[in-house]
1. So what's the back-of-envelope 222 nm ellipticity for the chain, counting only DSSP H runs of four-plus at -39500 (n - 2.57) apiece and dividing by all residues, rounded to 500?
2. Using the basic label-point model (7 angstrom from Cα toward the beta carbon), what is the residue 12 to residue 36 distance in nanometres?
3. Using only Cα atoms, find the angle between the long axis of helix 56-75 and the longest principal axis of the chain, and express it within 0 to 90 degrees, rounded to the nearest 10.
4. Dipole size in debye (nearest 20) for the chain around its Cα centre, Lys and Arg Cβ +1, Asp and Glu Cβ -1?
5. Please identify every one of the trypsin sites (Lys or Arg not before Pro) in region 146-246 that sits in a loop by DSSP and has no more than 12 other beta carbons within 10 Å of its own beta carbon.
6. Let me check against my output: what whole-number percent is the relative contact order of the chain, with C-alpha pairs under 8 Å and at least 6 apart?
7. Mind putting a number on the dipole of region 133-304 about its Cα centre? Charges go on the C-beta only, +1 for Lys and Arg and -1 for Asp and Glu, and I need it in Debye to the nearest 20.
8. Between 65, 101, 84, whose Cα lies farthest towards the positive end of the dipole of region 7-120 when Lys and Arg beta carbons carry +1 and Asp and Glu beta carbons carry -1, centred on the Cα centre?
Amino acid sequence: MATGWTRAETEVLARALVRAPSVHNIQPWRLEFDGERLLLRERRDLELPHHDPRGRDRLISCGAALTNLELAVRVLGHRIRTETLPDAGRSDVIATIETTGPLPPTDVELHRYSAIARRGSYRRPFSGRPVSRQEIGDLIAAAARKGVEARPVQDELELSQIADLLEFAAEAYQHDRAYQRELAMWTIRDEGLRRHGAGLAESTIPAGSLPWAGLVRAATAVPDRRVLQRRLAGETLLVFLTIDDSAHDHLHAGRALQDTWLDAVDDGLAGSVLTQPLHLPEVRSALCDDLELPGFPQALMRFGYPSGLIPPSPRRAIDEILGTGF
Ligand SMILES: Cc1cc2nc3c(=O)[nH]c(=O)nc-3n(C[C@H](O)[C@H](O)[C@H](O)COP(=O)(O)O)c2cc1C
């Protein structure tokens with residue numbers, strides 16, 4: 001079918017899309033062409049019943065992918081009109097993007113686009129170099145432009161409350177055998193990386209005691225809450241909040257999270273997302289109460305200066321996201 005996009009342009013779009021972060025690296029999206037119009041579809045066949053029972057993280061992931069896709073279309077020089085959840089969630093269409101004429105990308109868009117290939121989850125300790133107030137302010141502003149509040153957690157009491165909740169969640173997940181089985185199924189050994197186009201590469205999740213930074217496995221050593229609090233205090237921690245908890249909110253949280261992450265990478269920072277604890281209803285509601293949050297927490301993000309390289313994760317083939325013989 002004629003798509004109105006050249007093969008090279010299609011590749012630019014698909015490569016930007018495939019680089020987006022996603023829960024357990026499931027990459028739950030497909031790209032379709034309707035003439036020049038793009039349709040981003042959610043792959044609902046990819047389910048994580050124990051990590052993400054309601055599909056909230058899957059939608060947040062699709063939101064992050066939408067950000068990448070929009071940036072790629074803009075870098076190709078088109079003005080865009082995006083409609084999100086056009087069928088009010090009744091179909092699997094996450095968004096449609098129409099091009100409405102030529103328009104060169106802005107500097108901000110070029111910077112963000114160039115950060116797509118350099119972004120990756122950094123779950124190790126940071127270098128210790130402080131992140132400035134100005135940099136934190138810029139990250140908060142990036143999320144705010146998408147209508148999402150990225151609330152910093154800095155005060156000692158709040159950090160201790162979060163440390164308590166993370167410790168509680170870590171212990172709950174360690175004893176949840178079904179959860180651990182699902183996590184193991186989505187974790188791939190490094191020698192299998194080339195064969196797999198999805199899933200968590202084992203080397204990207206340190207086996208040691210980093211439960212606040214990564215995914216808690218049965219063998220993860222969970223440090224004492226005071227140690228956790230001290231580690232949290234050395235990082236820039238943001239809670240992403242939306243005013244409601246609908247599909248729209250999840251999608252917009254993902255868009256905001258990815259804009260923020262790309263801006264951070266452009267500033268030389270690295271980071272990782274944490275949603276695992278928020279899937280325990282008691283932890284999510286205690287976080288709202290303890291921190292008196294004015295909205296629904298969708299994700300936590302930690303940022304800092306990296307002290308080493310970001311390990312690569314596998315990606316699906318372009319054919320698979322396009323659903324064609326590209
Ligand atoms: C909605 C969402 C939830 C995520 N939850 C977690 C999490 O709880 N813990 C974690 O270590 N990484 C989490 N991640 C990061 C993904 O595991 C990561 O993006 C994916 O493995 C791809 O790797 P990359 O970010 O290096 O490209 C999450 C990502 C998204 C988009």
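The values are calculated or read from the model by the stated rules, or taken from the named source; none is laboratory data. Treat the numbers as computed from the prediction; the structure is a model and nothing was measured. Virtual Cβ from ideal backbone geometry, glycine too; neighbours counted across all protein chains shown. For accessibility, only protein heavy atoms count, side chains too; no ligands or nucleic acids. Shrake-Rupley method; radii C 1.70, N 1.55, O 1.52, S 1.80 Å.
1. Only helices count here, giving -12000 deg cm²/dmol.
2. Between residue 12 and residue 36, the label points sit 1.4 nm apart.
3. Result, in degrees: 50.
4. It comes to approximately 920 debye.
5. Taking region 146-246 and a limit of 12 other Cβ atoms within 10 Å, the loop trypsin sites (Lys or Arg not before Pro) found are 189, 194, 195.
6. For the chain, the relative contact order is 25 percent.
7. The calculated dipole for region 133-304 is roughly 640 debye.
8. Of the listed residues, the answer is 65.
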